[in-house]
Amino acid sequence: MTNGRKPEAGFNANASFRQAFAFTLMELLVVISIIAILASLLLPVLSAAKKRAGQAQCINNLKQLGLGMQMYIDDNRDTFPGMASQHSGFQASDWIYWRTNTAYPQVDKSPIVSTLSSSDPKLFHCPLDTDNSARMAQADAVNGPYLYSYSLTSYETTTTVDANGNSHDINPGMSSNFANGENLPFTLAAVRNPDTKIMLAEEVASNDNSDNPTGAAVINDGRWEPANGDPLTSRHGRKGDVTFADFHVEPETYEFGDNITNSEPDL
């Protein structure tokens, strides 16, 4: 109702309403500042949550691989699979079929996942392992790069001479060695204190300090050789995830991995 009064000339009710509820420049700046502060507080929280989720998935991967390893060992007279070294050529007994050359079987055909309900290639890869540049740079033309996060403990074969002067090759484990004409199986029963011995290791995969604590060469095949300076990664809060020979999984520091009493099976 207008009570008989006409609106004043030039009066615009809509414009007056918008002007009454418009933000001033100062108010807009205050709102933007508050949003920026909240974002700065939330981003680290979200980043930490993403890292925790990534590690949880990594630990689950290693639990699944440990289960696959246990089933493989049970099905093969207590014997570990092969080391999957780049220097030994492809072996059907290798624990992981990692070579990218299409002449070789693909990773989902790897022996230790063939009996699992899922043989998803993501089982071999930590979600936080995202930098492939160093691996690509060092890859050889025959095998291609090792694009996975985990490797199997393996020590160099040694030779002993018996009382009759005969030499014998000895496989310290933890992998079996069937490469280059060798027939050196290694059994789970030969592992002393399996609950303290690293079986599957999460190696460094980039040159980033948060991943590579010692500046060592990055992972290049499925074989972890702690005696030759292969460190654990530090991507999970200065720790790397490992599966022990009793098949439980724990995060450990690279110093723990450097101590060979935590990985050499006969110690």
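What follows draws every value from the coordinates through simple rules; no lab data is involved. It should be emphasised that the depicted structure is a prediction, and the values quoted were computed from it without experimental measurement. Don't worry about glycine lacking a Cβ; one is built from the backbone with ideal geometry, like all the others, and counts go over all protein chains shown.
Amide H contacts for N177 (H built 1.01 Å from N in the peptide plane; partners 5 or more residues away or on another chain; cut-off under 5 Å): L184, F186. With the charge dipole of the chain set up from +1 on Lys and Arg Cβ and -1 on Asp and Glu Cβ about the Cα centre, the Cα lying farthest toward the positive end among the listed residues S88, L116, A49 is that of A49. The distance between label points at T102 and M26 comes to 6.9 nm (points 7 Å beyond Cα on the Cα→Cβ vector).
With an 8 Å cut-off on Cα pairs and a minimum separation of 6 or more residues, tell me the relative contact order of the chain in percent.
Numbers: 475 pairs, mean separation 48.5, N = 267.
It comes to 18 percent, rounded to a whole number.
Once the chain from E156 to D131 is taken as fully extended at 0.36 nm per residue, the excess over their C-alpha distance is 6.1 nm. In a simple Cβ point-charge model (Lys, Arg +1; Asp, Glu -1; nothing else charged), the chain has a dipole of about 1820 debye relative to its Cα centre.
Projecting the Cα atoms of V191, G240, I35 onto the dipole axis of the chain, where Lys and Arg carry +1 and Asp and Glu carry -1 at the beta carbon, places I35 farthest toward the positive end. Spatial offset of segment 48-91 relative to segment 171-249 amounts to 10 Å, using the alpha carbon center of each.
In terms of the Cα gyration tensor, with a ≥ b ≥ c the square roots of its eigenvalues, is segment 44-100 rounded because a/c is under 1.5, prolate because a/b exceeds b/c, or oblate? The partial results should precede the final answer.
Values: a/c = 5.02, a/b = 1.90, b/c = 2.64.
Oblate is the answer for segment 44-100, as a/c is 1.5 or above yet b/c matches or exceeds a/b.
Taking every DSSP beta bridge that has both ends in segment 25-262, the antiparallel portion is near 85%. Tell me whether segment 175-264 comes out rounded, prolate or oblate; compute the Cα gyration tensor, take square roots of the eigenvalues as a ≥ b ≥ c, and use a/c under 1.5 as the rounded threshold. Oblate shape, in that a/c is at least 1.5 and b/c is the bigger or equal ratio.
Placing +1 at every Lys and Arg Cβ and -1 at every Asp and Glu Cβ, with all other atoms neutral, what dipole size does segment 33-158 have around its Cα centre, in debye to the nearest 20? Present the calculation step by step, with values, prior to reporting the outcome.
Working: 9 positive and 10 negative charges, 93 e Å.
For segment 33-158, the charge dipole is close to 440 debye.
Bridgeable aspartates and glutamates around K197 (alpha carbons under 15 Å apart, same-chain partners fewer than 8 residues away excluded): E225, D241, D246, E250, E252, E255, D258, E264, D266. How many nm separate the modelled label positions at S118 and I260, each set 7 Å beyond the Cα in the direction of the Cβ? Placing both labels 7 Å along Cα→Cβ, they lie 3.8 nm apart.
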